[in-house]
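Only one structure is covered here, and it is reproduced in the block below.
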Amino acid sequence: MNYQRFFDEAIDQLHAERRYRVFADIERIVGSFPRAVFRSNGEAREITVWCSNDYLGMGQHADVIAAMQQAAGTMGSGSGGTRNISGTTHPLVELEAELADLHGKEAGLVFTSGFVSNEAAISTIARLLPNCLILSDELNHSSMIEGVRRSGAEKKVFRHNDVGHLESLLQAAGRSRAKLIVFESVYSMDGDIAPIEKIVELAERHNAMTYIDEVHAVGMYGERGGGISEREGLAHRIDVIEGTLAKAFGTLGGYITGSRAVVDAVRSYAPGFIFTTALPPAIAAAATVSIRHLKASQAERAQQQRQAARTKEILSAAGLPVMPSETHIVPVLVGDPELCKLATDRLLGVHGIYIQPINYPTVPRGTERLRITPTPFHGDELIEGLRDALVETWAALGIPLNDTRRPGVAQTDRIIPLVVPSSGG
């Protein structure tokens, strides 16, 4: 049997569907964020990054870098093992206490990534609850879906942000059955926000646990950066708050916070935690400094919100199809995978602007888009340059302005070919 043929065919299928992903080779420049060096075909040139999840630029904050360097210089580069085997370093203990305080919870637990924290925590919590029913928003992240799947529990998927549908599922389950509602605060592709208060009220009324993913909101919202649940004064009514250290906090890792009993149960039973090497002390120390800074400083959040609003305003005024968004995320609809890829290639090759195309399965077919994430460091001049580049690209590729229709494959015959380095898939 020719085993390689099956892998070749799988990759060929991605190419045929115009959703094969190509990674851009970029090198961020400390002190010049969001500028970076793009390397391709033996050449290097400066570009502007418009799609980073380092939403506040904290990954290049001087205090965060200094904390990482100091910890690495005194404790080394690695953690030494799993948390059970010499990997529980003092910076991790400090970090978990800082996270518990951030969300007003009794305890916190750090994982190697946000994906792992969702997969491990959701699956473990649901397994430990007898006859648990999981109620999951239909647009939940892949990591949450995987956690639901691995739990082995029965699941019901409710329509996105539809509290009426959720209520009907809760009523059908009955008060006596164990129930876990899993949802996000900010949905990262559309930039919309969950009706958190209504979901919490339903959970309290129907005796259900709540688990919220705040990865795109921690550091970004709330008086101390605790997320949407803090901003709306609801954190104390949510059982488990999950977040990431890899976006607004600018480092690496995921975490959960909750009651001591819940967190200890996940710590003690989750394979994704027990059998994974712990985060290095340097990363933990850097994350702690970042969290402490954003608990006290409003400057980064305020400027980021201003620049996000300014970007939406300027792009919309130019007739670009900016999709509705309640948050810092600025999605611009393309509606066709090939056009989306060609647009990002042209932006990089002609204009030195790096934005990854967002295609299926990350978003539904026909809603392919550019996902733009302004930061406090994207000044007005950069925003105006982005507008001009997008308008030129839309014209060159024949993508209509002020048109939120799904362009469809039939419109690709109006594309003006351009050979540029590939920027994404």
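The values are calculated or read from the model by the stated rules, or taken from the named source; none is laboratory data. Quantities reported herein were computed from a predicted structural model and do not represent experimental measurements. Note that we place each Cβ from the backbone using ideal geometry, even for glycine, and neighbour counts take in every protein chain shown. Accessible surface is based on the protein model in full, side chains and every heavy atom, while ligands, DNA and RNA are left aside. Shrake-Rupley method; radii C 1.70, N 1.55, O 1.52, S 1.80 Å.
Some observations on this one:
- Scoring THR210 on the criteria (1) surrounded by fewer than 20 Cβ atoms within 10 Å (Cβ to Cβ); (2) within 22 Å of the chain's Cα centre (by Cα); (3) β-branched (Val, Ile, Thr) leaves a single failure, condition (1).
- Close pairs (9 angstrom Cβ cut-off, 6 or more residues apart or separate chains): closer than 19 Å to ARG39 by Cα and hydrophobic (A, V, I, L, M, F, W, C) in region 351-373, open to solvent by 10 Å² or more (accessible area, probe 1.4 Å) and assigned to a helix (DSSP H, G or I) anywhere: ILE353/GLY385
- Where a residue in region 83-108 is free of Cβ contacts under 8 Å to residues at least 40 places away in the same chain and its partner, wherever it lies, is open to solvent by 20 Å² or more (accessible area, probe 1.4 Å), with Cβ under 8 Å and at least six apart: SER86/GLY80
- In region 183-207, of all residues being within 19 Å of SER52 (Cα to Cα) and acidic (Asp, Glu), the one that is surrounded by the most Cβ atoms within 10 Å (Cβ to Cβ) corresponds to ASP190.
- On inspection, SER268 passes the criterion of being part of a helix (DSSP H, G or I), without any contact (Cβ under 8 Å) to a residue 40 or more places away in the chain and either open to solvent by 10 Å² or more (accessible area, probe 1.4 Å) or not hydrophobic (A, V, I, L, M, F, W, C) (or both).
- When restricted to residues that are among the polar types (S, T, N, Q), out of contact with any helix residue (DSSP H, G or I) (no Cβ under 9 Å at 6 or more places or on another chain) and modelled with pLDDT of 95 or more, region 162-206 contains 3.
- Of the set (1) part of a helix (DSSP H, G or I); (2) polar (S, T, N, Q); (3) within 21 Å of VAL215 (Cα to Cα), all apply to SER325 but (1).
- Per this entry, THR367 is counted among residues that are in contact with a Leu (Cβ under 9 Å, 6 or more places away or on another chain), surrounded by fewer than 23 Cβ atoms within 10 Å (Cβ to Cβ), farther than 19 Å from GLY57 by Cβ and of a type in the set (Ser, Thr, Tyr).
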